[in-house]
Amino acid sequence: MDARQEIELLVIGAGVIGMSAAVEAAARGLSVTVIDREGPAAGASAGNAGGFAFPEIDPLASPGKLLAAPRWLFDPLGPLSIPPRHAVHVLPWMLRFARECLPARVRAARRAQGALMLHARRTLEPFMQRAGSLHMLRKRGQIRVYESVRAFEAARQSYESAESEGWRFQWLTSPDEIAGIQPGLSPRFQRGIFTQDWWAISDPRDYVLALAEALRAAGGRIVRAEARAVLPEDGSVAVQTTDGDMRASHVVIAAGIYSNRLTRSIGQDFPLEAERGYNTTLPPGAFDLRCHVTFDEHGFVAAPLSGGIRIGGAVELGGTELPPNFARARAMLRKAQDFMPGLRAEGGTEWMGMRPSLPDTLPVIGRARRSPRVLFAFGHGHLGLTQSSATADIVADLVQGRAPAVDLAPFSPDRFG
Ligand SMILES: Cc1cc2nc3c(=O)[nH]c(=O)nc-3n(C[C@H](O)[C@H](O)[C@H](O)COP(=O)(O)OP(=O)(O)OC[C@H]3O[C@@H](n4cnc5c(N)ncnc54)[C@H](O)[C@@H]3O)c2cc1C
């Protein structure tokens with residue numbers, strides 16, 4: 001028999017979602033192969049802000065975001081933009097997003113997000129321990145800062161309900177209290193919210209590469225090839241790739257923003273949209289940053305990573321084909337110079353990444369309609385790193401025929417009809 005037929009799990013996509021699923025399955029004794037057309041850490045997982053944002057259980061699809069959107073869109077370099085060439089394409093997604101902002105849907109999404117976040121926090125440390133990457137975990141928390149008392153009060157209200165679910169917050173009501181946690185910020189920030197339950201990774205790209213090493217050490221394989229189609233058969237699944245056909249007992253589609261191209265080959269389509277984000281990574285020492293700092297009203301974050309200070313965020317609903325517009329990264333860097341006096345802004349590296357996002361801002365985790373042997377794990381939007389260990393645990397449970405620890409109904413691939 002061809003050795004390729006003995007693969008128990010074939011994972012398509014070596015981002016943080018696919019690699020975590022692969023490492024977890026290998027740790028449970030399955031023979032695992034990962035294929036990626038560019039190799040590990042090629043997509044959004046490479047350059048993100050590195051936060052494990054567990055307490056962020058409010059879905060992004062919410063009335064507050066919907067109300068703020070027109071004002072943000074008015075500012076060409078503000079936190080939300082839509083390139084005119086993509087506006088028509090993204091309209092159906094935006095209408096679905098608007099529908100998800102109805103109160104009952106927000107409540108349901110919040111419950112689902114909360115359960116997944118709890119599972120993510122529960123699974124992360126044991127997962128990293130097994131993967132030999134626990135030394136990359138940082139527990140320095142995150143501070144959100146506000147210029148306007150009104151914006152602070154609105155955020156406080158939403159975090160207060162997260163507080164009642166066990167997440168810890170500290171309300172900061174003066175620049176001095178903010179400076180007690182993160183010195184050196186502009187005194188224009190009068191209010192802050194500190195969350196010690198935000199954790200971080202030393203560097204998101206290094207983390208995915210470490211997972212790749214952990215997989216190889218556990219006997220798994222990583223193949224550089226592009227998957228073209230997924231074809232369920234009796235008792236197995238065939239995957240057509242640029243490296244020839246491969247066959248496995250189970251296949252996971254974890255190809256980030258490109259997952260839809262593969263799910264269509266088995267007859268399922270998803271309203272998956274690229275929320276493009278931008279950042280600039282400055283050399284280490286550019287600022288004495290003690291923890292993640294989020295400039296909430298401006299939609300970007302300053303992240304302390306082992307390789308430097310990463311400044312960025314924002315959302316550009318620009319699809320996958322348009323070239324990056326790095327003016328967006330520069331606009332955030334200019335604001336950061338105002339907000340963090342003394343920031344040394346030279347020598348940075350710019351990056352753009354595509355968050356794979358569904359209109360209800362929840363991921364798809366579950367089985368394909370046409371075959372229980374094909375699993376979907378994509379669409380984690382702003383929270384892929386945060387939810388990676390939980391997703392890996394759930395995927396491995398599904399492969400092994402065990403009941404997952406989290407109710408998967410809200411994440412069902414069938415929820416979009
Ligand atoms: C600016 C920014 C900041 C962010 N900050 C955070 C944060 O602080 N915390 C957090 O939790 N999340 C954050 N995110 C979101 C996070 O980065 C994503 O949710 C996550 O990386 C998605 O991971 P993924 O594995 O699904 O996709 P990706 O990392 O994009 O991986 C998909 C992989 O699939 C491969 N692939 C695609 N198609 C094929 C094919 N046909 N055949 C083979 N391989 C294929 C690609 O090459 C790629 O390697 C941020 C995102 C951005 C853009």
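With the Cα gyration tensor of the chain giving a ≥ b ≥ c as the square roots of its eigenvalues, does the rule (a/c under 1.5 for rounded; else a/b larger than b/c for prolate; else oblate) give rounded, prolate or oblate?
prolate
Please name which of Val230, Gly256, Pro187 has its Cα lying farthest along the dipole of the chain towards the positive end, using unit charges on Cβ (Lys, Arg +1; Asp, Glu -1) and the Cα centre as origin.
Pro187
Filter the trypsin sites (Lys or Arg not before Pro) in segment 160-230 to those in DSSP coil with at most 15 other Cβ atoms within 10 Å of their Cβ, and list the result.
Numbers: sites: Arg168, Arg188, Arg191, Arg205, Arg216, Arg221, Arg224, Arg228; in loops: Arg168, Arg188.
The qualifying sites are Arg168, Arg188.
Count charges around Ala104 for me, please; just the other residues with Cβ under 14 Å from its Cβ, Lys/Arg as +1, Asp/Glu as -1.
Details: positive: Arg99, Arg105, Arg107, Arg110, Arg111; negative: Glu100, Asp360.
Taking every Cβ under 14 Å from that of Ala104, the sum is +3.
Please list, in order, the residues from segment 375-389 whose amide nitrogen is less than 20 Å from a point placed 7 Å along the Cα→Cβ vector of Arg261.
Zone members listed by number: 375-381.
Can you work out the accessible area per residue across the chain, with the rest of the protein chains kept in place, probe 1.4 Å, in square angstrom?
Values: 16890 Å² over 417 residues.
Using a 1.4 Å probe on heavy atoms only, each residue of the chain averages 41 Å².
Work out the charge dipole of the chain with +1 on the Cβ of Lys and Arg and -1 on the Cβ of Asp and Glu about the Cα centre, then indicate which of Thr361, Val395, Ala53 is farthest towards its positive end.
Looking along the dipole axis, the top candidate is Thr361.
At a 10 angstrom cut-off on C-beta neighbours, averaged per residue, how do the peptides 74-84, 241-251 rank from highest to lowest? Provide the component values of the computation, followed by the final result.
Values: 74-84: 15.0, 241-251: 18.5.
Taking the mean over residues of other Cβ atoms within 10 Å, the ranking is 241-251, 74-84.
Arg107 versus Arg150, label points 7 Å from Cα toward the beta carbon: distance in nm?
For Arg107 paired with Arg150, the spin-label model returns 2.8 nm.
State to the nearest 20 debye the size of the charge dipole of the chain about its Cα centre, where the only charges are +1 on K and R beta carbons and -1 on D and E beta carbons. Don't jump to the answer; show the numbers that get you there.
Values: 47 positive and 43 negative charges, 69 e Å.
That gives the chain a dipole magnitude of about 340 debye.
Would you list Lys139, Lys335 from the most to the least accessible area, probe 1.4 Å?
Lys139, Lys335
Simple spin-label model, 7 Å along Cα-to-Cβ: Asp338 to Phe326 in nm?
Result for the modelled spin labels: 2.3 nm.
With +1 on each Lys and Arg Cβ and -1 on each Asp and Glu Cβ, and nothing else charged, work out how big the dipole of segment 282-412 is about its Cα centre, in Debye to the nearest 20.
Details: 13 positive and 12 negative charges, 72 e Å.
That gives segment 282-412 a dipole magnitude of about 340 debye.
In whole Å and largest first, what semi-axes does the C-alpha gyration tensor of segment 14-163 yield when each eigenvalue is scaled by 5 and square-rooted? Before the final figure, lay out the partial values.
Numbers: eigenvalues 208, 96, 54 Å².
Whole-Å semi-axes of the equivalent ellipsoid: 32, 22, 16.
With labels modelled as points extended 7 Å from the Cα through the Cβ direction, what inter-label distance (nm, one decimal) is found for Lys139 paired with Arg122?
1.8 nm
Put +1 on the Cβ of each Lys and Arg and -1 on the Cβ of each Asp and Glu in the chain; which of Pro83, His380, Pro70 then has its Cα farthest toward the positive end of the dipole?
Working it through, the farthest residue towards the positive pole turns out to be Pro70.
The values are calculated or read from the model by the stated rules, or taken from the named source; none is laboratory data. These numbers come from a predicted model, not from an experiment. Positions of Cβ are generated from backbone atoms using ideal geometry, with glycine treated the same way; all protein chains shown enter the neighbour counts. We work out accessible area using only protein heavy atoms, side chains counted, and drop any ligands, DNA or RNA first. Shrake-Rupley method; radii C 1.70, N 1.55, O 1.52, S 1.80 Å.
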